[in-house]
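Here's the structure, in structure tokens; my notes come after.
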Amino acid sequence: MEDSLVWHHSHRGIYDVKSGYRVAVEAKQSAALSGASSSLLLPKDFWKVIWSTPVPPKIRNFWWRVCCNKLASKENLFRRRCSDSQQCPICNASVESIEHLLFRCDWTRAVWFACDLGLRSEVGLCPSAKIWTLSLMEMCSNVKDRKEIVGKAAVVCWFIWKARNDWVFSQSPVNPQAVVGM
Ligand SMILES: [Zn+2]
């Protein structure tokens, strides 16, 4: 079969203005989202620190996804048309962004309040997980401490994410005390 040009954003593989417009709008939205973070001046070793935190590889990978806004939150799924709602499935009071689900939902606030990392006030105010991670790194004077604090924060968030998924997929009630105790 000969090669041919296919527009893979429509069912028939043929370009039309409607699907072109949709793709352009989506590209603009994701550029706006990543623009906020790409204009951020990250230290040279930012990603290196994330990939060498002293935690299991699955948690490193999780934290990388959080910092790149690639976690399957309702907001991200809705944007990709994989969910019919972007509301937080736990509180139903807000869009479930990564920052909402990890830091701002009432039950996760309780987790941060109860855990002893001393991050309770900063965490609710951070504009993005990436900026928060950066501020954690800036609190430390050496690379070893940076890796440790980012690792600890990532572990807490990993258990929040797990508990959130247990609620979404198995209707197990979320319990801040149980997350803190892990
Ligand atoms: Zn919520």
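The values are calculated or read from the model by the stated rules, or taken from the named source; none is laboratory data. Owing to the predicted nature of the structure, the values given are computational and were not obtained by experimental measurement. Glycine also receives a Cβ, built like all others from the backbone with ideal geometry; neighbour counts cover every protein chain displayed.
Picking from 82, 115, 68, 105, which residue would you name as being modelled with pLDDT of 90 or more and closer than 21 Å to residue 172 by Cβ?
Working: 82 fails: closer than 21 Å to residue 172 by Cβ; 115 fails: modelled with pLDDT of 90 or more; 68 fails: closer than 21 Å to residue 172 by Cβ.
Just a single option satisfies the conditions, and that option is 105.
Here is a yes/no grid of residues against (1) at pLDDT 75 or above; (2) farther than 27 Å from residue 71 by Cα; (3) surrounded by 11 or more Cβ atoms within 10 Å (Cβ to Cβ):
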residue	(1), (2), (3)
7	yes, yes, yes
10	yes, no, yes
14	yes, yes, no
21	yes, no, no
29	no, no, yes
33	no, no, yes
36	no, no, yes
39	no, no, no
43	yes, no, yes
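Any residue at all in the stretch 164-182 that is modelled with pLDDT under 90 and of a type in the set (Gly, Ala, Ser)?
yes
Any residue at all in the stretch 81-99 that is crowded, with 19+ Cβ neighbours inside 10 Å and in a helix (DSSP H, G or I)?
To start, the set of residues in the stretch 81-99 that are crowded, with 19+ Cβ neighbours inside 10 Å comprises 88, 90, 96-99.
In the following step, the residues that additionally are in a helix (DSSP H, G or I) were identified as 98-99.
Within the stretch 81-99 (the criterion being crowded, with 19+ Cβ neighbours inside 10 Å and in a helix (DSSP H, G or I)), the answer is yes, since at least one residue qualifies.
Being among the basic types (Lys, Arg) and either touching a residue at least 40 places away in the same chain (Cβ under 8 Å) or within 15 Å of the ligand (Cβ to nearest atom) (or both) is the filter here; which residues of the stretch 59-84 pass it?
60, 74, 79 - these are the residues of the stretch 59-84 that are among the basic types (Lys, Arg) and either touching a residue at least 40 places away in the same chain (Cβ under 8 Å) or within 15 Å of the ligand (Cβ to nearest atom) (or both).
Only one of (1) without any contact (Cβ under 8 Å) to a residue 40 or more places away in the chain; (2) crowded, with 20+ Cβ neighbours inside 10 Å fails for residue 160. Which number is that?
If we test residue 160 against (1) without any contact (Cβ under 8 Å) to a residue 40 or more places away in the chain; (2) crowded, with 20+ Cβ neighbours inside 10 Å, just (1) comes out false.
Within the stretch 131-177, how many residues are part of a helix (DSSP H, G or I), of a type in the set (A, V, I, L, M) and under 16 Å from residue 109 (Cα atoms)?
So the count comes out to 6.
Name the residues in the stretch 85-114 that are closer than 19 Å to residue 154 by Cβ, touching a Ser or Thr at 6+ places or on another chain (Cβ under 8 Å) and within 8 Å of the ligand (Cβ to nearest atom), would you?
100, 101, 104, 105, listed by residue number.
Looking at (1) part of a helix (DSSP H, G or I); (2) crowded, with 20+ Cβ neighbours inside 10 Å, which is the only condition residue 69 fails?
(1)
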